[in-house]
Amino acid sequence: MKKSLFKAFSMALLASAAVLTSCSSDDGNNNGPSSTFVLDANNFKGTINDGEVVLKTGVTYKLSGKLVVANGAKLTIEPGAIIEATARPDNSTEDIRYIAVAQGGQIFVNGTATNPVVMTSSVKSPGKWGGLVICGKAPINKGATASAEVSDLTYGGTLANDNSGSIRYLRIEYSGYAYNSEKEFNGLSLFGVGSGTTIEYVQVHEGADDGIEFFGGTVNTKYLISTSNEDDSFDWTEGWNGTNENWYGKLGLGRGNRGIEADNNSNNHLATPIANPNIKNLTLIGLGAQGSESQALKLRVGTKGQFDNLVLSNFVTGFDVQHNESIGYVANGTLKATNVRFDNITTKSVGKNTDGTTVDVSAIYTESTTATGAGNGTATPSWAQGWTVGL
């Protein structure tokens with residue numbers, strides 16, 4: 001009798017397991033029990049308010065509106081997952097497609113060199129969707145906190161080591177949707193993101209505005225690529241401080257402006273914390289005279305910065321330094337670039353005080369004919385091969 005009961009109980013357990021297994025799915029629609037968010041791979045939008053949502057390898061998720069990862073929630077993306085923004089009606093501002101991580105939310109992009117995560121658009125041209133916005137709690141100089149211009153989420157604070165997650169091997173394509181001439185998404189926008197966040201191996205390709213922009217914060221980065229974006233390859237403002245290695249920026253498509261546009265605070269050049277990143281191993285490639293604002297680095301309104309091992313190629317101007325404060329930082333060595341190799345640069349440096357007076361700022365750089373930039377001079381660096389496009 002006991003054996004019969006045990007056998008019957010065992011068979012029931014097996015049957016239950018079979019039912020549970022058959023109910024699981026790899027089609028991207030099964031969210032699991034840890035979040036109340038309803039995940040639909042064909043209509044991916046809304047707010048993740050709790051728990052963890054996991055996007056699966058091999059699944060394409062159709063982004064049909066904005067997706068927000070709220071305080072306390074997590075979005076995890078497995079290698080090879082694709083998020084594809086669907087087309088919107090012309091001239092419509094309804095359901096703008098973008099992904100935003102709010103303060104206290106986290107994103108984990110777990111791509112690999114052979115299987116990156118891709119955020120793209122069904123329409124393969126610049127400006128067709130918003131891109132990725134991350135808002136953290138690290139210091140900014142716009143105020144104690146501020147509201148992000150392209151998501152209206154709060155960012156900034158006092159938590160320098162704030163952790164918004166980890167991003168590795170991510171490609172962002174065709175971003176840069178513009179609300180208007182003053183309000184436009186970048187590919188990757190980092191608002192007050194803290195140093196506890198990992199940002200490595202990210203490419204932004206064919207966006208309609210800047211590739212990657214930092215709005216204050218303390219996040220550190222490695223292995224960033226900006227290609228064929230229509231404004232600047234890299235941009236910072238509002239007091240960003242971070243330590244960075246291996247950036248590669250290349251303008252293309254016959255349009256685009258600067259390699260780097262760097263500000264401290266346009267309303268108060270001495271606002272603290274003062275922007276002062278450290279960037280080592282940098283290659284910037286421009287469009288020559290074809291670019292509308294052809295400067296490899298435009299450094300202004302009070303930014304500081306330390307650069308080392310640079311290759312600057314095909315710009316009219318190498319270093320353009322503006323305003324009294326930034327020019328003063330050149331003089332005292334807190335705005336400095338060492339080991340710079342110029343390639344097809346018409347004018348190596350120009351400077352103007354706040355009143356427009358021309359100033360000699362050639363002390364900003366020292367030259368080296370052996371500088372390698374991001375690793376291979378103007379050629380594609382080895383670390384960028386296999387997971388990128390357009391190089």
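Residue by residue, here is whether (1) at negative phi; (2) more than 29 Å from the chain's Cα centre (by Cα); (3) of a type in the set (A, V, I, L, M) holds:
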residue	(1), (2), (3)
R341	yes, no, no
D355	yes, yes, no
E367	yes, yes, no
A374	yes, no, yes
Every listed condition ((1) open to solvent by 30 Å² or more (accessible area, probe 1.4 Å); (2) farther than 22 Å from F215 by Cβ; (3) modelled with pLDDT of 95 or more) holds for H269 save (2)
Sole miss for G217 among (1) more than 28 Å from Q385 (Cβ to Cβ); (2) open to solvent by 10 Å² or more (accessible area, probe 1.4 Å); (3) under 14 Å from the mean Cα position of the chain (by Cα) is condition (2)
Residues of the range 223-243 being within 13 Å of the chain's Cα centre (by Cα) and either under 24 Å from N141 (Cα atoms) or touching a residue at least 60 places away in the same chain (Cβ under 8 Å) (or both), in sequence order, are Y223, I225, T227, N229, D232, S233, F234, D235, W236
inquiry  = One residue is enough: does the range 192-202 have a residue meeting the conditions over 12 Å from the mean Cα position of the chain (by Cα), under 17 Å from R258 (Cα atoms), touching a residue at least 24 places away in the same chain (Cβ under 8 Å) and open to solvent by 10 Å² or more (accessible area, probe 1.4 Å)?
reply    = no
With the structure loaded, tell me whether E230 is in a loop (DSSP other than H, G, I, E, B) and surrounded by fewer than 23 Cβ atoms within 10 Å (Cβ to Cβ) or whether it fails that test. yes
Checked against (1) assigned to a loop (DSSP other than H, G, I, E, B); (2) surrounded by fewer than 24 Cβ atoms within 10 Å (Cβ to Cβ), N186 satisfies every condition except (2)
Note on S166: of the conditions (1) small (G, A, S); (2) out of contact with any Asp or Glu (no Cβ under 6 Å at 6 or more places or on another chain); (3) assigned to a loop (DSSP other than H, G, I, E, B), unmet is (3)
When the range 55-80 is checked residue by residue, the ones that are in a strand (DSSP E or B) and crowded, with 20+ Cβ neighbours inside 10 Å are L55, Y61, L63, L67, V68, V69, L75, I77
Checked I260, I285 against criteria (open to solvent by 10 Å² or more (accessible area, probe 1.4 Å), at pLDDT 95 or above, under 20 Å from the mean Cα position of the chain (by Cα) and among the hydrophobic types (A, V, I, L, M, F, W, C)); the one match is I285
Screening T366, T380 for residues that are surrounded by fewer than 20 Cβ atoms within 10 Å (Cβ to Cβ) and touching a Leu at 6+ places or on another chain (Cβ under 7 Å) leaves only T380
N246: passes all of (1) open to solvent by less than 10 Å² (accessible area, probe 1.4 Å); (2) touching a helix residue (DSSP H, G or I) at 6+ places or on another chain (Cβ under 8 Å); (3) under 21 Å from S382 (Cα atoms) but (1)
Filter the range 288-323 for residues that are open to solvent by 30 Å² or more (accessible area, probe 1.4 Å) and under 25 Å from T354 (Cβ atoms); the one that is modelled with the lowest pLDDT is S292
Expected single match for of a type outside the set (S, T, N, Q) and in a loop (DSSP other than H, G, I, E, B) among E293, E261 is E293
Considering the range 147-156, residues that are part of a loop (DSSP other than H, G, I, E, B) and open to solvent by less than 20 Å² (accessible area, probe 1.4 Å), and then whichever is nearest to G136 (Cα to Cα), we arrive at G156
Restricting attention to the range 336-381, the residues that are part of a loop (DSSP other than H, G, I, E, B) and among the polar types (S, T, N, Q) number exactly 12
Filtering the range 50-76 down to residues that are in contact (Cβ under 8 Å) with a residue 60 or more places away in the chain and of a type in the set (V, I, T) yields V68
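Could you list all residues from the range 81-107 that are over 15 Å from W129 (Cβ atoms), modelled with pLDDT of 95 or more and either aliphatic (A, V, I, L, M) or open to solvent by 50 Å² or more (accessible area, probe 1.4 Å) (or both)?
A81, V101, A102, I107
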All conditions in (1) surrounded by fewer than 24 Cβ atoms within 10 Å (Cβ to Cβ); (2) part of a loop (DSSP other than H, G, I, E, B) are true of S175 except (1)
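The values are calculated or read from the model by the stated rules, or taken from the named source; none is laboratory data. None of the values given here were measured: they were computed from a predicted structure. Please note: Cβ atoms are built from the backbone with ideal geometry, for glycine as well, and neighbour counts cover all protein chains shown. Accessible surface areas use protein heavy atoms only, side chains included; no ligands, DNA or RNA. Shrake-Rupley method; radii C 1.70, N 1.55, O 1.52, S 1.80 Å.
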